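Visitor: To start, I am sharing the structure in question, which I have written as structure tokens.
The values are calculated or read from the model by the stated rules, or taken from the named source; none is laboratory data. Everything quoted here is computed from the prediction, not taken from an experiment. Because the Cβ atoms are built from the backbone with ideal geometry, glycine has one as well, and the counts that use them run over all protein chains shown. We work out accessible area using only protein heavy atoms, side chains counted, and drop any ligands, DNA or RNA first. Shrake-Rupley method; radii C 1.70, N 1.55, O 1.52, S 1.80 Å.
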Amino acid sequence: MLSQKAKVNTFTGNTVWIFLTRFFPTLANTLVLIFFSRQLDTDTYGAYQNFWVQLLLLSTLGALGLQSFLFTYTPDVLAIIIKRFKAKQYIQLSVWVILLGIVFAWLQADKISLSVSVAFLVVYSFTVIAESILLAFRYLKGIVVMNMLHMLVFLLIHYLFLTGILSFNWLFVALLLLYVLKLLVCAVWVNGNVKKHYQPVTEIEIKSIRNLWLHMGLYDVLQIVFKYVDKFIISILLAESVSAIYYNGSQDVPFLPILLGAVGGAALMQLSADKAEDAPVVVMNKTARILSALVFPVFFFLVCFRYELFTVILTNRYEASVPIFLMSILVLPLRAYNFTVVLQNKHKGNLINKGALLDMVLACVLMYPLYLLLDLPGVALSFVVSTYLQAAYYLYHTSRVLDIKWHKLLPITNWCTKLVIFAIVFIGIHYWLSTVFEPQIVLIWGVVFTIITALVTFVIEFKTVKRIYGNA
């Protein structure tokens, strides 16, 4: 009993620390988005965000999915894998990243100097890989402290740019130096952890490791490319001011993906431990009910209070982002369900990758026709449509793998009840607030109401789930 409790506490503690490792970078990016949107003209802000969109997409290709693949293994096995890497493989990876750096420099040629662009992509790519290795080594507290300090310096550099002390090019020179420092710290810590955990007597199967990398690496690359491909295309084809409007309108809800990822990981862990025949159905229904208690109120808040959100926080200049934002958040209800957890548990990596590829191909096919029909909101809508079709694909194959009807995997009645109630309540509350108060007050009360609603619904749902399914 004590051992099981220790395992639970360790899992809970690790979940909190993993959340914190991602919290500070997300907070920094959110603060920069808000202040830059308010204080920069749309052309400069668009150029700034184009830099990051292109960097993130190309660095994802550069890292080859190693960041998610390495996280799969225990520290002892990971230390051996790193030791088995030969100089030739490091050189090949470096050449690949440098080539992508040259592509990045070409895209940024009119804004950033060639050497800075190439160096930035190379340093950033290896920093992502090194930080992921440290996560796999469970070096969580060190990463949290490092990212907190990184966030403070990151924000200071951006403040110096806003005050005119740094030019646009020198902003990225300063950020490059910051990432170089971070990479050096990570490299020292990685080296120390490899020495600490390396046990040459441990046996590893290179072929199975390579196969897992091909599956997980490809999936990770496809997921991130899918997230940024629309912004990437717009950053190349359209004006920087248009990129700024589209970027702000197509933003993910800050911190929500981190929370959903943590819950998905917990579900996967429970499925791995529970071998009962009905475990997948029970676990997925439980998590779907609990997640919907948080996701659905947030969804209706964003739909109903979208204009206040943009005009109060980002000013009226980004009012054109609101229709794009509305289309983007239509995908949010799907986030109350992790459609790949059971397939991961059943080692169906090929089906997961086919679904990810299908998602991206469909989105790219629909992008131009919907752009002609609806302008920029049509681009966002193309990704929403493809995601719903991808969810249907995963749900169909999950039902086949488990040999059950697809509707048994979803708490359909529970979801429909919540959707109807929340829609009526949030529409009514927004209508009443908007007729009485100024937009700033409307937004504040909307946030307060959403938090209270989500917490109350979560507590009620949590107790209901315990009553129906027990304490597991």
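Visitor: Among the lysines, select those whose C-alpha is under 16 Å from the C-alpha of LYS196, and discard any that sit fewer than 8 residues away in the same chain.
Guide: Here the lysines satisfying the reach criterion relative to LYS196 are LYS83.
Visitor: Let me ask something else about it. Summing +1 for each Lys or Arg and -1 for each Asp or Glu, what net charge is found among the other residues whose Cβ lies under 14 Å from the Cβ of ARG467?
Guide: Around ARG467, the charge tally is +3.
Visitor: Further question on the same structure: Find the Cα radius of gyration of the chain, compare it with 2.2 N^0.38 Å by division, and give the number to two decimals.
Guide: 1.01
Visitor: Please state the charge dipole magnitude for the chain, taken about the Cα centre, from unit charges on C-beta atoms (+1 on K and R, -1 on D and E), reported in debye and rounded to the nearest 20.
Guide: About 1600 debye.
Visitor: Another question, if that's okay. Roughly to the nearest percent, how much of the accessible area of region 309-436 is carbon and sulfur, given a 1.4 Å probe?
Guide: The C+S portion of the solvent-accessible surface of region 309-436 is 68 percent.
Visitor: Now a separate question. Could you point to the residue in PHE437, ILE452, THR398 farthest towards the positive end of region 381-472's charge dipole, with +1 and -1 charges on the Cβ of Lys/Arg and Asp/Glu respectively?
Guide: The residue sitting farthest along the positive end of the dipole is THR398.
Visitor: Another one. Ranking request for peptides 280-291, 370-381: highest mean number of other beta-carbon atoms within 10 Å first, then the rest in descending order.
Guide: Put in order of decreasing packing, that is 280-291, 370-381.
Visitor: Label region 25-99 by shape, choosing from rounded, prolate and oblate, from the square roots a ≥ b ≥ c of the eigenvalues of the Cα gyration tensor; if a/c is under 1.5 it is rounded, and otherwise prolate applies when a/b is larger than b/c, oblate when it is not.
Guide: Values: a/c = 4.80, a/b = 2.10, b/c = 2.28.
Judged from the Cα gyration tensor, region 25-99 comes out oblate (a/c at least 1.5, b/c at or above a/b).
Visitor: How large is the helix-only mean residue ellipticity at 222 nm for the chain, computed as the sum of -39500 (n - 2.57) over DSSP H runs with n ≥ 4, divided by its residue count, in deg cm²/dmol to the nearest 500?
Guide: Only helices count here, giving -28500 deg cm²/dmol.
Visitor: For a protection proxy built on the mean count of beta-carbon atoms within 10 angstrom, sort 321-328, 166-173 highest first, please.
Guide: 321-328, 166-173
Visitor: Quick check for you: with a 1.4 Å probe and neighbouring chains kept, what is the accessible area per residue of the chain, in Å²? Present the calculation step by step, with values, prior to reporting the outcome.
Guide: Numbers: 23280 Å² over 472 residues.
With the other protein chains kept in place, the chain gives 49 Å² per residue.
Visitor: Net charge around LYS348, counting only other residues with Cβ within less than 11 Å of its Cβ (Lys, Arg = +1; Asp, Glu = -1)?
Guide: Numbers: positive: LYS346, LYS354, ARG400; negative: none.
Around LYS348, the charge tally is +3.
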